[in-house]
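Here's the structure we're looking at; comments come further down.
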Amino acid sequence: MSGRTQARACPERTCVGCRERAAKNDLLRIVAVGDACVPDPRGTLPGRGAYVHPAVVCLDQAVRRRAFPRALRSAGALDTAEVRRAVAVEAEATP
């Protein structure tokens, strides 16, 4: 055997809200489009992305820390209304 493990490593990302590392598929990718943050659940939108847990607590922490403009390298403040809606919908869907 070549020494490789059978299980593939799962990519990890850091939540910009709580700063905890988690599996990439457990986090929601956020992309800046114009002057707004847009959720990218499939991870296919072009540009720099930031990751956040799909929880209101982590989203609030990220907004309070101004983490989105810093992580997305944006000059000014970003509108997070669309991300907030997406997180609320996912919170309702999760039992």
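Quick notes on this structure:
- With every protein chain in place, the chain: carbon and sulfur % of accessible area (1.4 Å): 50
- Trypsin sites (Lys or Arg not before Pro) lying in DSSP loop within segment 43-95, provided at most 14 other Cβ fall within 10 Å: Arg48, Arg65, Arg66, Arg73
- Per residue accessible area of the chain, 1.4 Å probe, in Å²: 69
- Local net charge near Pro54, Cβ-Cβ under 9 Å (Lys/Arg +1, Asp/Glu -1): -2
- Note on Asp26 and Ser74: their simple-model spin labels are 2.6 nm apart, each label 7 Å out from Cα toward Cβ.
- Percentage, to the nearest whole number, of Cα pairs in the chain over 16 Å apart: 54
The values are calculated or read from the model by the stated rules, or taken from the named source; none is laboratory data. These numbers come from a predicted model, not from an experiment. Note that we place each Cβ from the backbone using ideal geometry, even for glycine, and neighbour counts take in every protein chain shown. When the accessible area is computed, the model is the full protein with side chains, heavy atoms only, and any ligands, DNA or RNA have been set aside. Shrake-Rupley method; radii C 1.70, N 1.55, O 1.52, S 1.80 Å.
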